[in-house]
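A.B. asks: This structure is in structure tokens; I'll ask about it shortly.
The values are calculated or read from the model by the stated rules, or taken from the named source; none is laboratory data. What you are looking at is a predicted structure, and each value in this text was computed from that prediction instead of being measured. Here the Cβ is made from the backbone with ideal geometry for all residues, glycine too, and neighbour counts use every protein chain on show.
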Amino acid sequence: MTNNKGVSPIIATVLLIGLVIVLAIIIFMWSRAFISESVQKNGVSANNVCKSVSLDISASPSPSGVLNLQVVNRGSIPIYGFEIKSSSGASSTQNAFNIPVDVGSSATQDIPIQSGTKTLVIYPIILGTVSGNNKAYTCLENGRVVNL
């Protein structure tokens, strides 16, 4: 008579199924970082909507370290705000400003700038939706360079 001690086939099956479920959950959570939900505006991808953004931008710096920014929206999409990247030699900073500009309208805003700032890159921000929630989307392809 042999004395076989081991795991019964039912317990082994339950353990294997549990292991597969845990691995599937781990892989799913890991892969969610690679699959992003796209921001949409009026049912169209925000990336495609950015192609309809057209701006005229003029800027005049003042001696007090303030930039007077004038923006005219010539496109067919309302602008929610702007992301402004300022560069002064080796350093750069990036800030978002809530300056809404409707279609065909203009806006003027005084923006503080650091002394020594040589260039600004101004990116428009549009407001889209993701799963029914509003989300700001920066149109990186539409950046306008302003030399000071």
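A.B. asks: Tally time: how many residues in segment 1-56 are hydroxyl-bearing (Ser, Thr, Tyr) and modelled with pLDDT of 80 or more?
C.D. replies: 6
A.B. asks: Regarding segment 95-112, can at least one residue be identified that is of a type in the set (Ser, Thr, Tyr) and modelled with pLDDT under 90?
C.D. replies: no
A.B. asks: Which one is farthest from the chain's Cα centre (by Cα), of the residues in segment 65-121 that are part of a strand (DSSP E or B) and free of Cβ contacts under 8 Å to residues at least 12 places away in the same chain?
C.D. replies: The residue in question is SER91.
A.B. asks: When segment 97-142 is examined, which residues are found to be crowded, with 16+ Cβ neighbours inside 10 Å and either within 19 Å of SER87 (Cα to Cα) or touching a Pro at 6+ places or on another chain (Cβ under 6 Å) (or both)?
C.D. replies: Listed by number, the residues that qualify are ILE111, ILE113, THR117, LEU120, VAL121, ILE122, TYR123, PRO124, THR138, CYS139, ASN142.
Quick grid of which residues meet (1) over 22 Å from TYR123 (Cα atoms); (2) surrounded by 13 or more Cβ atoms within 10 Å (Cβ to Cβ):
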{"residue": "LEU19", "(1), (2)": "yes, no"}
{"residue": "LEU23", "(1), (2)": "yes, no"}
{"residue": "ILE26", "(1), (2)": "yes, no"}
{"residue": "TRP30", "(1), (2)": "yes, no"}
{"residue": "ASN47", "(1), (2)": "no, yes"}
{"residue": "VAL53", "(1), (2)": "no, yes"}
{"residue": "ASP56", "(1), (2)": "no, no"}
{"residue": "SER64", "(1), (2)": "yes, no"}
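A.B. asks: Among the residues of segment 75-96, which ones are closer than 13 Å to LEU55 by Cα and surrounded by fewer than 18 Cβ atoms within 10 Å (Cβ to Cβ)?
C.D. replies: Those that are closer than 13 Å to LEU55 by Cα and surrounded by fewer than 18 Cβ atoms within 10 Å (Cβ to Cβ): SER76, PRO78.
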